[in-house]
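Let me begin by presenting the structure, written as structure tokens, before commenting on it.
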Amino acid sequence: MAPPTTGDSITLSLSHEEAWVAHAALLDAGEAAVDAGDDAPEQCRPIRRIERGRPLAPRDAVLLRDALVDYLGDAPVRDRAPGRALLGRIDDAVESRSPSSP
């Protein structure tokens, strides 16, 4: 089931473990962007919104999904189950907002 949406935003209800994994994944993605020369990585925006319990803009949801995909390949064992659960929900939310194919 896709998370509820508020207007164009995606509201996620995260467990403590899922929030931790989201933070770790986005932080890793942001650090990789900085290493690649980005002075203000866009991955910081969803971190702040998640920490404040605010809905994610669709672009932020895509950033989170992409960060989770990259992170879960080498994630610590403790992060894998909550990370996969969150990835499934955020992927459903992103896909449900994508324009349908004809």
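Taken together, the values in this text are just the output of simple stated rules run on the coordinates, not laboratory data. If you're wondering where the values come from, they're calculated on a predicted model, not measured in any experiment. Neighbour counts run over all protein chains shown; Cβ positions are idealised from the backbone, glycine included.
Look at Arg97 and say whether it is within 17 Å of Leu12 (Cβ to Cβ) and either polar (S, T, N, Q) or without any contact (Cβ under 8 Å) to a residue 24 or more places away in the chain (or both).
Taking the combined requirement at face value, the residue does not satisfy it.
If you scan segment 48-59, which residues turn out to be assigned to a helix (DSSP H, G or I), under 16 Å from Val94 (Cβ atoms) and either without any contact (Cβ under 8 Å) to a residue 40 or more places away in the chain or touching a strand residue (DSSP E or B) at 6+ places or on another chain (Cβ under 6 Å) (or both)?
Arg49, Ile50, Arg59
Condition check ((1) of a type in the set (Phe, Trp, Tyr); (2) crowded, with 16+ Cβ neighbours inside 10 Å; (3) not in a helix (DSSP H, G or I)) across all residues:
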| site | (1), (2), (3) |
| --- | --- |
| Ser13 | no, no, yes |
| Glu18 | no, yes, no |
| Val21 | no, yes, no |
| Leu26 | no, yes, no |
| Gly30 | no, yes, no |
| Pro41 | no, yes, yes |
| Pro46 | no, yes, no |
| Leu64 | no, yes, no |
| Val69 | no, no, no |
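Any residue in segment 28-44 that is touching a residue at least 40 places away in the same chain (Cβ under 8 Å) sitting within a Cβ distance under 7 Å of a residue that is of a type in the set (Ser, Thr, Tyr)? List the pairs, counting only those 6 or more apart or interchain.
That search, which allows pairs on different chains as well, returns Asp28/Tyr71.
Determine if segment 78-94 includes at least one residue that is without any contact (Cβ under 8 Å) to a residue 60 or more places away in the chain, surrounded by fewer than 19 Cβ atoms within 10 Å (Cβ to Cβ), not β-branched (Val, Ile, Thr) and not in a helix (DSSP H, G or I).
For segment 78-94, residues without any contact (Cβ under 8 Å) to a residue 60 or more places away in the chain, surrounded by fewer than 19 Cβ atoms within 10 Å (Cβ to Cβ), not β-branched (Val, Ile, Thr) and not in a helix (DSSP H, G or I): absent.
So which residues in segment 50-90 are acidic (Asp, Glu) and under 9 Å from the mean Cα position of the chain (by Cα), if there are any at all?
Asp60, Asp66
(1) out of contact with any His (no Cβ under 9 Å at 6 or more places or on another chain); (2) in a helix (DSSP H, G or I); (3) of a type outside the set (Gly, Ala, Ser): which one isn't true of Asp74, the others all being true?
(2)
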